[in-house]
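One structure below.
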Amino acid sequence: MADEKKLVLITGATEGVGKQTAIQLAAKGFSIVMMVRNKTKAERTKAEILKSTPGAMVDYIIVDLTSFKQIRAAAKQFNDKYPKLDVLINNAGLMYPDKKITGDGFELCFQTNHLSHFLLTDLVLDKLKLSKQGRIINLSSEGHKMGKFDPGNFNAEKGYSSIAQYCFTKLCNLCFTYSLADKLKGTNITVNAVHPGVVRSGFGGDSNKGWLKPIFAVARMFMISNEKGAATSVFLASDPSISNVTGKYFKNCKATATKGNTHDTGNQKILWNYSVEKTGAFKNE
Ligand SMILES: NC(=O)c1ccc[n+]([C@@H]2O[C@H](COP(=O)([O-])OP(=O)(O)OC[C@H]3O[C@@H](n4cnc5c(N)ncnc54)[C@H](OP(=O)(O)O)[C@@H]3O)[C@@H](O)[C@H]2O)c1
């Protein structure tokens, strides 16, 4: 029965890991709602999902994650249409070559990879509470290990390096995962993070310029496919064995350790309070 199907909401499902995650979860019987910014790509992804799983429920909502206003509108659209949510996958992410400030006034990578997903999660949290067992999955990266936590530099105020800023945002994804898992302990919702592997996706395409270009071209030969890159997200979304597991970081479908600064509760609190102040989300948590 359609209403017994589990529903997944996923950002960034038009490319790479996100697209494969959506394809594989549809094949497992999940209904899919994609939050994506490009209608043409959304239609293309929807067609791919339906080709591999005819009859799947696939919908999309258009949102540019660099705009809090658009995220609020997209979440409202979702909340008005769907009675509950089983799995939220905060998947979209990017590394950008140059420092760019969004219309909301934040560094592009920080807003897209962290602040926007922080806001989206809060906006759909009530729908996750209505699931029998809700799951939140945040795409992080082993890159978090190179991330530096400097509250005076969240928006690259002290200078910009695409890699350093990206690694910092992936550290944020873990601080957010650990904070939220803690706050939601004892509820029906689990919160975990993922490293998908080093994946031959479209990721970093904008940054592959100059001296990085030949290095990336060689590195791509050793990267895993998008299909394999989706495996840990699919496992976390669907495997019954982990319904009580929360506040963990998964790599190759196994919980694994993260760098010490992600567990620093002082760091977690600073990032949490900053994110609450700037997005208006989680004011009551
Ligand atoms: N690839 C890797 O090796 C690797 C390793 C570790 C972690 N990760 C993480 O895995 C996640 C997925 O990465 P990927 O490799 O699949 O990257 P990808 O192929 O570049 O796909 C990124 C997705 O994010 C979407 N996106 C970017 N900015 C957006 C915005 N402002 N609004 C809405 N959507 C936006 C893109 O939409 P468009 O199609 O419209 O551009 C695309 O669907 C990311 O969080 C990344 O940090 C990747």
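The values are calculated or read from the model by the stated rules, or taken from the named source; none is laboratory data. Predicted model only: the values in this text are computed from it and were never measured. Note that each Cβ is placed from the backbone with ideal geometry, even for glycine, and that neighbours are counted across all protein chains shown.
Every condition in (1) within 13 Å of the ligand (Cβ to nearest atom); (2) modelled with pLDDT of 95 or more holds for K183 except the one numbered (1). The condition (being among the aromatic types (F, W, Y), away from the ligand (no atom under 14 Å from the Cβ), touching a residue at least 24 places away in the same chain (Cβ under 8 Å) and assigned to a helix (DSSP H, G or I)) is satisfied by just one residue among Y160, Y178: Y178.
Among the candidates R37, R72, single out the residue that is more than 9 Å from the ligand (Cβ to nearest atom) and either surrounded by 14 or more Cβ atoms within 10 Å (Cβ to Cβ) or among the acidic types (D, E) (or both).
Values: R37 fails: more than 9 Å from the ligand (Cβ to nearest atom).
When all the criteria are applied, what remains is R72.
Just a yes or no: is a residue in segment 159-181 buried (at least 18 other Cβ atoms within 10 Å of the Cβ), β-branched (V, I, T) and within 30 Å of E285 (Cα to Cα)? Yes, that holds for at least one residue. Report whether or not K99 is farther than 23 Å from G280 by Cα, surrounded by fewer than 20 Cβ atoms within 10 Å (Cβ to Cβ) and of a type outside the set (G, A, S). Criteria met by K99.
So in segment 4-13, with the set limited to residues that are modelled with pLDDT of 95 or more and more than 13 Å from the chain's Cα centre (by Cα), which one is nearest to E48 (Cα to Cα)? That would be L7.
Here's the yes/no breakdown for (1) over 18 Å from the mean Cα position of the chain (by Cα); (2) more than 15 Å from the ligand (Cβ to nearest atom); (3) modelled with pLDDT under 95; (4) hydrophobic (A, V, I, L, M, F, W, C):
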{"site": "I189", "(1), (2), (3), (4)": "no, yes, no, yes"}
{"site": "N192", "(1), (2), (3), (4)": "no, no, no, no"}
{"site": "H195", "(1), (2), (3), (4)": "no, no, no, no"}
{"site": "G202", "(1), (2), (3), (4)": "no, no, yes, no"}
{"site": "D206", "(1), (2), (3), (4)": "yes, no, yes, no"}
{"site": "G210", "(1), (2), (3), (4)": "yes, yes, yes, no"}
{"site": "I215", "(1), (2), (3), (4)": "yes, no, yes, yes"}
{"site": "M221", "(1), (2), (3), (4)": "yes, no, yes, yes"}
{"site": "K228", "(1), (2), (3), (4)": "no, no, no, no"}
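Taking segment 117-176, which residues are among the acidic types (D, E) and closer than 18 Å to G197 by Cβ?
First, pick out the residues of segment 117-176 that are among the acidic types (D, E): 122, 126, 142, 150, 157.
Correct list: E142 only.
Looking at I32, I23, which one is more than 13 Å from the ligand (Cβ to nearest atom), within 23 Å of T232 (Cβ to Cβ) and of a type in the set (V, I, T)? Step through it out loud before you land on a result.
On the way: I23 fails: more than 13 Å from the ligand (Cβ to nearest atom).
When all the criteria are applied, what remains is I32.
Please specify each residue of segment 75-114 satisfying the condition of being touching a strand residue (DSSP E or B) at 6+ places or on another chain (Cβ under 8 Å), more than 13 Å from the ligand (Cβ to nearest atom) and part of a loop (DSSP other than H, G, I, E, B). Of everything in segment 75-114, those that are touching a strand residue (DSSP E or B) at 6+ places or on another chain (Cβ under 8 Å), more than 13 Å from the ligand (Cβ to nearest atom) and part of a loop (DSSP other than H, G, I, E, B) turn out to be Y82, K84, L85, D86, K99.
Residues checked against (1) out of contact with any Ser or Thr (no Cβ under 7 Å at 6 or more places or on another chain); (2) of a type outside the set (S, T, N, Q):
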residue: Q70; (1), (2): yes, no
residue: A73; (1), (2): yes, yes
residue: P83; (1), (2): yes, yes
residue: N90; (1), (2): no, no
residue: Y96; (1), (2): no, yes
residue: G103; (1), (2): no, yes
residue: L108; (1), (2): no, yes
residue: D122; (1), (2): yes, yes
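Here S52 clears all of (1) within 23 Å of S225 (Cα to Cα); (2) within 15 Å of the ligand (Cβ to nearest atom); (3) among the hydroxyl-bearing types (S, T, Y) except the condition numbered (2).
For segment 19-40, a residue qualifies if it is under 19 Å from S116 (Cα atoms), outside any strand (DSSP E or B) and touching a Ser or Thr at 6+ places or on another chain (Cβ under 7 Å), and exactly one does: N38.
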